Amino acid sequence: MSDRRDSPPLIGITARHGQTSEHLPAVLLLRPYVTAIVEAGGVPILIPPDLPEEGWRTLLERLDGILFSGGADIAIERYGGQPHPAVYLDPIRDDLELPLMQAALAADKAVLGICRGCQVMNVALGGTLYTHIADQLPGALQHDQHNGDSPLPFEALTHIVQIESDSQLAHILGTCSVQVNSLHHQGIKDLAPGLRATAFAPDGLIEGIELPGHRFALAIQWHPEWLTEHAPMRRLFQAFVQAARASRAS
Ligand code: MN
């Protein structure tokens with residue numbers, strides 16, 4: 001009989017409520033997240049946003065890692081943010097994901113945050129956000145390549161990110177600079193206590209964070225799940241799944 005430690009780790013992925021093309025209610029998770037986890041050797045488990053606390057606490061005990069996926073903005077009351085007409089919300093996700101993030105970090109589960117997930121990590125630990133980068137960060141690049149007059153595909157690489165050489169992120173990616181996609185209009189303003197900013201866009205915006213001392217608590221502002229043809233992005237998912245597996249073995 002095989003030891004459970006040898007079986008693939010269970011990776012929860014946060015999802016959102018939405019509709020099918022026939023306007024039927026659905027729990028939605030874009031396939032590239034799921035594919036990236038499967039290809040990295042994990043077993044993806046969808047986490048619906050309306051799961052009650054007893055449900056997500058039960059799930060958390062059994063999961064080996066959690067991927068906090070991209071999506072709508074966090075409600076500004078959660079971090080004292082500046083109102084802006086471009087803010088779009090999904091409060092049911094805030095209700096689940098902010099306490100889930102805190103509990104997952106406290107339990108030393110492997111955590112990977114992507115885009116909104118990066119912002120969830122920062123806000124859950126006490127940080128703040130720009131509520132619309134274009135109007136609040138002087139000299140900002142265009143970080144929302146999917147919007148505007150000439151939207152680019154999600155896979156397009158639109159800005160570089162410089163990564164601190166002694167960070168976990170640089171170690172995993174195997175490089176100190178990567179070209180990334182950019183599908184966000186918000187970003188980290190004040191970094192939460194305890195977090196380290198490890199990656200930066202040329203305009204100074206934080207694009208990567210990690211929690212020193214934790215086995216794997218890492219979040220990035222770009223979307224590597226659309227970029228898995230690039231080896232460094234595949235290594236990121238592999239390192240996450242490997243950390244999830246190791247957490248179960250210890
Ligand atoms: Mn960006």
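The values are calculated or read from the model by the stated rules, or taken from the named source; none is laboratory data. Being a predicted model, the structure only gives us computed values, none of them experimental. Using ideal geometry, Cβ is built from the backbone for each residue, glycine included, and neighbour counts are taken over all protein chains shown. The accessibility values were calculated without ligands, DNA or RNA, using every heavy atom of the protein model including side chains. Shrake-Rupley method; radii C 1.70, N 1.55, O 1.52, S 1.80 Å.
Between amide H atoms placed 1.01 Å from N, distances below 5 Å from ALA110 occur with ILE66, all of them 5 or more places distant or on a separate chain.
Considering all alpha-carbon pairs of the chain, what whole percent are spaced by more than 30 angstrom? List each step's numbers first, then the result.
Numbers: 6338 of 31125 pairs.
That fraction is 20 percent.
In the chain, what percentage of the DSSP-assigned beta bridges are antiparallel, given to the nearest 5? DSSP beta bridges in the chain are roughly 55 percent antiparallel.
With all protein chains in place and a 1.4 Å probe, the accessible surface of the chain carries 53 percent carbon and sulfur. Taking amide H atoms as placed 1.01 Å from N in the peptide plane, the amide H of THR158 lies under 5 Å from those of VAL180, ASN181, SER182, each 5 or more residues away in sequence or on another chain.
Is the shape of the range 34-75 rounded, prolate or oblate, going by the alpha carbon gyration tensor and its root eigenvalues a ≥ b ≥ c, with a/c under 1.5 for rounded and a/b larger than b/c for prolate?
Working: a/c = 2.64, a/b = 1.20, b/c = 2.21.
Verdict is oblate for the range 34-75.
Extension gain, ALA246 to ALA86, is 53.5 nm, computed as 0.36 nm per intervening residue step minus the present C-alpha separation.
Applying the Karplus relation 6.51 cos²θ - 1.76 cosθ + 1.60 with θ = phi - 60° to the range 165-179 yields 3J(HN,Hα) values of 5, 9, 8, 4, 4, 5, 4, 5, 5, x, 7, 9, 8, 9, 7 Hz, where x marks Gly and Pro. What the phi angles of the range 184-191 give under the Karplus curve with 6.51, -1.76 and 1.60, with θ = phi - 60°, is a coupling list of 9, 10, 10, x, 6, 9, 9, 6 Hz, glycine and proline written as x. With each label modelled as a point 7 angstrom along the Cα→C-beta vector, the ALA72-ALA231 pair spans 4.1 nm. Taking PRO83, PRO44, PRO232 in turn, the Gaussian network model of the chain (Cα-Cα springs below 10 Å) assigns the largest fluctuation to PRO83.
Of the GluC sites (Glu not before Pro) found in the range 197-235, the ones in coil according to DSSP and having at most 15 other Cβ atoms within 10 Å of their Cβ are GLU229. At 1.4 Å probe size, with no ligands or nucleic acids counted, give the accessible surface of LEU211 in Å², nearest ten. Probe radius 1.4 Å; accessible area of LEU211 about 40 Å². Estimated from the Cβ-Cβ distance and a Förster radius of 45 angstrom, the FRET efficiency linking ASP190 and THR58 is about 0.85. Taken about its Cα centre, the range 63-178 carries a charge dipole of about 80 debye when Lys and Arg each add +1 at the Cβ and Asp and Glu each add -1 at the Cβ.
Can you give the local net charge around VAL123? Use residues other than it whose beta-carbon is closer than 15 angstrom to its beta-carbon, Lys and Arg +1, Asp and Glu -1. Charge balance in the 15 Å sphere: -3.
Comparing mean-square fluctuations of GLU97, GLU164, GLU53 from a GNM of the chain with C-alpha springs under 10 Å, the top value falls on GLU53. Think of the chain as a dipole: +1 on every Lys or Arg Cβ, -1 on every Asp or Glu Cβ, centred on the Cα centre; then among LEU173, LEU24, PRO49, LEU173 lies furthest on the positive end. A simple rule links phi to the HN-Hα coupling: the Karplus curve 6.51 cos²θ - 1.76 cosθ + 1.60 with θ = phi - 60°, which for the range 217-232 gives 10, 9, 9, 9, 8, 8, 10, x, 5, 8, 10, 6, 6, 9, 4, x Hz, with x for Gly and Pro. Taking GLY81, GLY113, GLY42 as the candidate residues, the one with maximal mean-square fluctuation in a Gaussian network model of the chain, Cα springs under 10 Å, is GLY81.
Using 0.36 nm per residue, how much length does the chain from SER177 to GLU155 gain when fully extended, once their Cα-Cα distance is taken away?
Details: separation 22, 0.36 × 22 = 7.92 nm, distance 1.75 nm.
Separation in residues times 0.36 nm, less the Cα-Cα distance, equals 6.2 nm.
If you sort the three axes of the alpha carbon gyration tensor as a ≥ b ≥ c, you get a/c of 1.5 or more for the range 121-188 and a/b no higher than b/c, which makes it oblate.
How high is the FRET efficiency from HIS146 to ASP6, r the C-beta distance, R0 51 Å, rounded to 0.05?
On the way: r = 40 Å, r/R0 = 0.79.
Approximately 0.80, to the nearest 0.05.
From the Cα gyration tensor of the range 91-204, with a ≥ b ≥ c the square roots of its eigenvalues, which class applies: rounded if a/c is under 1.5, or else prolate if a/b is larger than b/c, or else oblate?
Numbers: a/c = 1.71, a/b = 1.26, b/c = 1.36.
It is oblate, given that a/c is not under 1.5 and a/b is not larger than b/c.
What FRET efficiency comes out for the pair ASP166/ASP108, r = Cβ-Cβ distance, R0 = 25 Å, nearest 0.05? Efficiency at R0 = 25 Å is approximately 0.70.
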